[in-house]
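**Q** Let me begin by handing over the structure; questions about it come next.
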Amino acid sequence: TAVGFGMDPDLQIDIITELDLVNTTLGVTQVSGLHNASKAFLFQDTEREIHAAPHVSEKLTQLFRNKSEFTFLATLQQKASTSGVILSIQELEHSYFELESSGLRDEIRYHYRFNGKTRTEVFPYRLADGQWHKIAVSLSASHLLLHVDCNRIYERVIDPPETNLTPESNLWLGQRNRKHGFFKGIIQDVKVIFIPNGYITQCPNLNRTCPTCSDFLSLVQGIMDLQELLAKMTAKLNYAETRLSQLEDCHCEKTCQVNGLIYRDKDSWVEDDHCRNCTCKSGVVECRRMSCPPLECPPDALPVHVESQCCKVCKAKCIYGGKVLAEGQRVLSKSCRECRNGVLVKVTETCPPLNCSEKDHILPENQCCSVCRGHNFCAEGHRCGENSECKNWNTKATCECKNGYLSVQGDSAYCE
């Protein structure tokens, strides 16, 4: 019947089969049962020891471990007005599970352990009447149901029984131990089933309309677990929202890498030649020549380039023989002289030898040393801006704006 209801065979134990009762077992005799093809045994003599072998006790211990829901089932015919134990699971004198039927008091007694102490539940009912009865005791956490002949006889709340059996526990059928509680009558179909509402395997016509106590406790525990998980998820979500609100104030930006240096978006810097302002714009470097302010020099000065400065500065001019010389320009008279801070200063530098004939010697403007015809003045570092280019003439070099550019303030060294 249990298999017909799709029950896992690993969640039940057939006591009579596991005890290997046969017709030659001392104290019992195989007889006809309540229905055909059933193994029924008559328990009569008091000289008997019907208990489980060690491997069966181990199997029972494993099945009971951490279980809060099980059902004991049996079909029996107890001799009228007798008392005896139907099934007992004991460790020494302590009962983990014991079902006793008293024909003297017309009671069914359920003995169990709670917090290491023995407890007993008493159900007034006459089971020892010489008639066949089906009995089912179902435990679900602290909820106990007693069915007799598929009728719900008692239902009550008890202290939750201990189910973690010790290895020394043993199972006895039809007696409490070797000396006490001998049952007199016929027993068959003895099983322990570890499923909710296990009595349905004995009485398939009964409805299972409500969850068991264990089902309810599992549901409550599940809700508590979900509440804990919800609290954790809420905390994580709040943290994530806090982080997100902080990230909303940020934005992704493209950086620029120049000469091994990394500049952030909208960063500005001055290029190495000190003549261009550069800015990083969305990962692209944009540079523009530094704009120089209008330069108006006094009558005694001229605008000239100074080393390490982009814009011209006013420097005092020199006058020699009616010729106007700017800062750094030279004139050759009896000796070479250079204009420095408005004064002609004698220069003692020696001119380099020339690799050309004397007729090809040319004296550059504002210089003291001759050069060969076709000399590259631009190669001497003549300074022109990025939008102008250097051009050689016979005696000097000049800057000219590139096509499409105009000189700034009349100086072709600066074009835009």
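The values are calculated or read from the model by the stated rules, or taken from the named source; none is laboratory data. These numbers were taken from a predicted model, which means no experiment stands behind them. Positions of Cβ are generated from backbone atoms using ideal geometry, with glycine treated the same way; all protein chains shown enter the neighbour counts. Surface areas here come from the heavy atoms of the whole protein model, side chains and all, with no ligands, DNA or RNA. Shrake-Rupley method; radii C 1.70, N 1.55, O 1.52, S 1.80 Å.
**Q** Take the residues in the range 10-55 that are modelled with pLDDT of 85 or more and among the small types (Gly, Ala, Ser), then tell me which one is most open to solvent (accessible area, probe 1.4 Å).
**A** It comes out as 32.
**Q** Return a yes/no flag: does the range 367-388 have any residue that is among the β-branched types (Val, Ile, Thr), open to solvent by 40 Å² or more (accessible area, probe 1.4 Å), modelled with pLDDT of 85 or more and in the same structural domain as residue 312 (by the TED database).
**A** Checked the range 367-388: no residue is among the β-branched types (Val, Ile, Thr), open to solvent by 40 Å² or more (accessible area, probe 1.4 Å), modelled with pLDDT of 85 or more and in the same structural domain as residue 312 (by the TED database).
**Q** If you don't mind, another one. Taking the range 242-287, which residues are hydroxyl-bearing (Ser, Thr, Tyr), open to solvent by 60 Å² or more (accessible area, probe 1.4 Å) and not in a strand (DSSP E or B)? Talk me through it step by step, then tell me what you get.
**A** Of the range 242-287, the ones hydroxyl-bearing (Ser, Thr, Tyr) are 242, 245, 255, 263, 268, 279, 282.
Next cut, open to solvent by 60 Å² or more (accessible area, probe 1.4 Å) only: 242, 255, 268, 282.
Residues satisfying the conditions are 242, 255, 282.
**Q** Can I ask one more? Among the residues of the range 389-412, what is the count of those that are at pLDDT below 85 and either of a type outside the set (Val, Ile, Thr) or surrounded by fewer than 12 Cβ atoms within 10 Å (Cβ to Cβ) (or both)?
**A** Counting residues in the range 389-412 that are at pLDDT below 85 and either of a type outside the set (Val, Ile, Thr) or surrounded by fewer than 12 Cβ atoms within 10 Å (Cβ to Cβ) (or both) gives 5.
**Q** A further question follows. Hey, can you tell me all the residues within the range 339-369 that are touching a residue at least 24 places away in the same chain (Cβ under 8 Å), outside any loop (DSSP other than H, G, I, E, B) and closer than 19 Å to residue 397 by Cβ?
**A** Across the range 339-369, the qualifying residue is only 362.
**Q** Specify the residue that is modelled with the lowest pLDDT; the eligible residues are those in the range 118-147 that are of a type in the set (Val, Ile, Thr) and surrounded by fewer than 18 Cβ atoms within 10 Å (Cβ to Cβ).
**A** Out of the qualifying residues, it is 118.
**Q** Starting from the range 100-123, take each residue that is in the same structural domain as residue 84 (by the TED database) and of a type in the set (Gly, Ala, Ser) and list its partners that are open to solvent by less than 10 Å² (accessible area, probe 1.4 Å) and part of a strand (DSSP E or B), counting only C-beta distances under 6 angstrom and pairs at least six apart or across chains.
**A** Listed pairs, sorted by first residue: 101/78; 101/108.
**Q** Among what's in the range 163-199 and is over 55 Å from the mean Cα position of the chain (by Cα) and open to solvent by 40 Å² or more (accessible area, probe 1.4 Å), pick the residue that is nearest to residue 138 (Cα to Cα).
**A** Ranking the candidates gives 176 first.
**Q** In addition: Checking residue 238 against (1) more than 40 Å from the chain's Cα centre (by Cα); (2) modelled with pLDDT of 90 or more, only one condition comes out false. Which one?
**A** It is condition (1) that residue 238 fails.
**Q** I would also like to ask the following. If you check 295, 230, which single one turns out to be open to solvent by 80 Å² or more (accessible area, probe 1.4 Å) and aliphatic (A, V, I, L, M)?
**A** After applying the criteria, what remains is 230.
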